[in-house]
Structure formats: C-alpha cells, structure tokens
1. Only residues in segment 16-39 that are loosely packed, with under 12 Cβ neighbours inside 10 Å count as the first member; pair them with residues that are in a strand (DSSP E or B), Cβ under 6 angstrom, at least 6 apart or cross-chain, and list the lot.
2. How many residues does segment 116-169 hold that are within 25 Å of GLN91 (Cα to Cα) and basic (Lys, Arg)?
3. Being touching a helix residue (DSSP H, G or I) at 6+ places or on another chain (Cβ under 7 Å), among the charged types (D, E, K, R) and modelled with pLDDT of 95 or more is true for just one of GLU183, GLU145. Which residue is that?
4. If ILE113 meets every condition in (1) without any contact (Cβ under 8 Å) to a residue 60 or more places away in the chain; (2) buried (at least 22 other Cβ atoms within 10 Å of the Cβ); (3) in the same structural domain as VAL185 (by TED's automatic domain parsing) apart from one, which number is that one?
5. What residue, among those in segment 55-79 that are within 28 Å of LEU150 (Cα to Cα) and hydrophobic (A, V, I, L, M, F, W, C), is surrounded by the most Cβ atoms within 10 Å (Cβ to Cβ)?
6. Give the residues of segment 95-108 that are of a type in the set (Gly, Ala, Ser) and surrounded by fewer than 18 Cβ atoms within 10 Å (Cβ to Cβ), sorted by residue number.
7. Within segment 181-220, how many residues turn out to be assigned to a strand (DSSP E or B) and either surrounded by 14 or more Cβ atoms within 10 Å (Cβ to Cβ) or touching a Ser or Thr at 6+ places or on another chain (Cβ under 9 Å) (or both)?
8. Taking ASP141 as the residue in question, decide whether it is acidic (Asp, Glu) and touching a Ser or Thr at 6+ places or on another chain (Cβ under 7 Å).
Amino acid sequence: MDKVVIFGNQSVAREAFYYLKYDSDHEITGFTVDREFLHDDHFLDLPVVPFDAVVSVFPPHEHKMIIAVGYINNNKIRKDRYFQAIRMGYQLLSFISPKSVVYPGTLQGKNCIIGHCTVISNGTQIGNNVIIGSGCTIGHDVILEDHCFLSNGVSISGRVRIGECCYLGTNAILRNKITVGKECVIGAGAILLENAEDRSVYLGQPATLLPIPSDKLPLG
C-alpha cells in the first residue's frame with residue numbers, strides 16, 4: 001500500500017481524497033498547500049503542512065503525491081506545482097475511477113485524475129497533469145495535452161486535439177476533427193464547431209468567440 005500526500009485543501013483535493021480513500025488501496029497520510037493558503041493545520045481530519053516543508057514531513061522516498069488543484073489561473077498553479085513536486089523527488093500518482101471505461105494505453109501521463117462514469121475511446125492520448133471529471137465522453141483518437149481540466153459531462157468527438165492548460169466547462173461539446181489551442185476556455189454548455197486559437201474563450205450554442213483572452217477571465 002503506497003502512502004500518498006495530496007497537494008490542495010479545496011474541493012478538488014477533497015474529491016481526490018474520497019477517490020483514493022474508497023476506490024484505491026492507497027493510504028492518504030496528509031495534505032500540503034502553499035504556506036500563504038495554510039489556514040488550518042488539518043483538512044478532512046488529516047494534517048496539512050506547508051509545501052516548502054513537505055519533504056521533511058512526508059519525505060518522497062516514503063510518499064507519492066497527487067496535485068489536486070482546479071483550473072485557477074488557466075491551470076498554471078497546478079502546472080507549476082506539478083514540476084516543483086517532481087524536482088522535490090516525488091513520484092506523482094494518477095487515479096482512474098474503476099467505474100469508468102478507459103482503454104489500455106490511453107493514459108500516458110502522470111498526475112492525472114479521471115472521475116466516475118467517464119468513457120474514453122480507443123486511440124486517445126492523455127498527457128500529464130490532466131483532470132477529467134465524472135460523466136465525460138471522449139471519442140476516438142483525441143489528443144489531450146498536458147495540464148488540462150475537463151469538468152463533469154464534457155463530450156469530445158473523435159480526432160480532436162486540445163492544447164495544454166485548457167479548461168472545458170460542464171457539459172461542453174466539441175465536434176469532431178477540430179483543434180483547440182493552448183490555454184483556451186470553452187464555457188459550460190458551449191458547443192464548439194470550429195478551431196479555437198490560443199487563449200481564446202468560447203460561450204454559447206453554437207459557441208461564439210468572446211473579445212477577451214482567457215488569462216483575463218476571473219476564473220477561480
């Protein structure tokens with residue numbers, strides 16, 4: 001049984017905790033967050049330590065880590081902590097819900113979380129540090145690059161390519177054979193029928209390009 005420390009103390013970290021607690025054989029030993037966000041020394045009855053001291057409390061030769069942070073700042077917080085944890089010497093854990101259908105070879109990266117009742121078809125490639133919510137459907141031969149976040153109920157048709165650090169809102173739908181650039185935001189319920197340039201934002205049915213780059217959105 002591997003010991004695991006979770007980075008985060010908000011809703012995504014809580015969800016990761018329950019995934020690992022009830023649907024894996026890992027032992028969760030505690031949490032870690034950036035020192036400025038350490039408002040309590042316990043979360044879900046487990047200790048929380050500052051990230052700059054985590055190596056001394058939960059050493060990497062005894063613990064794995066999972067970075068469980070949402071789409072804050074275009075997923076860049078999770079991206080930065082992913083690389084920092086690797087430099088610290090941690091092996092990063094991925095979790096695939098046993099209630100989902102994921103073909104062998106699909107999940108190629110580290111620090112990925114795939115929620116309940118998600119179906120990922122053959123030929124799809126998922127990179128590092130990707131979070132996919134419950135009830136998603138991802139078609140064949142999709143390429144989902146590093147550090148993306150897909151909310152619950154996202155549906156992606158076949159042969160779509162999604163660049164790194166994208167966020168897809170709840171029940172967003174992407175038609176087949178399109179390309180989504182890096183750091184894009186596809187809003188909840190949007191139906192995307194065209195290619196999306198880097199840092200573009202789309203809302204609506206069909207989705208309409210907004211005159212604002214994604215890094216200016218008040219996401220969090």
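1. Pairs found: ARG35/PRO50.
2. Count: 0.
3. Residue meeting the stated conditions: GLU183.
4. (1)
5. ILE67
6. SER100, GLY105
7. Result for segment 181-220: 9.
8. yes
The values are calculated or read from the model by the stated rules, or taken from the named source; none is laboratory data. As the structure is a computational prediction, the values presented were derived from the model and not from experiment. All Cβ positions, glycine included, derive from the backbone under ideal geometry; neighbour counts span all protein chains shown.
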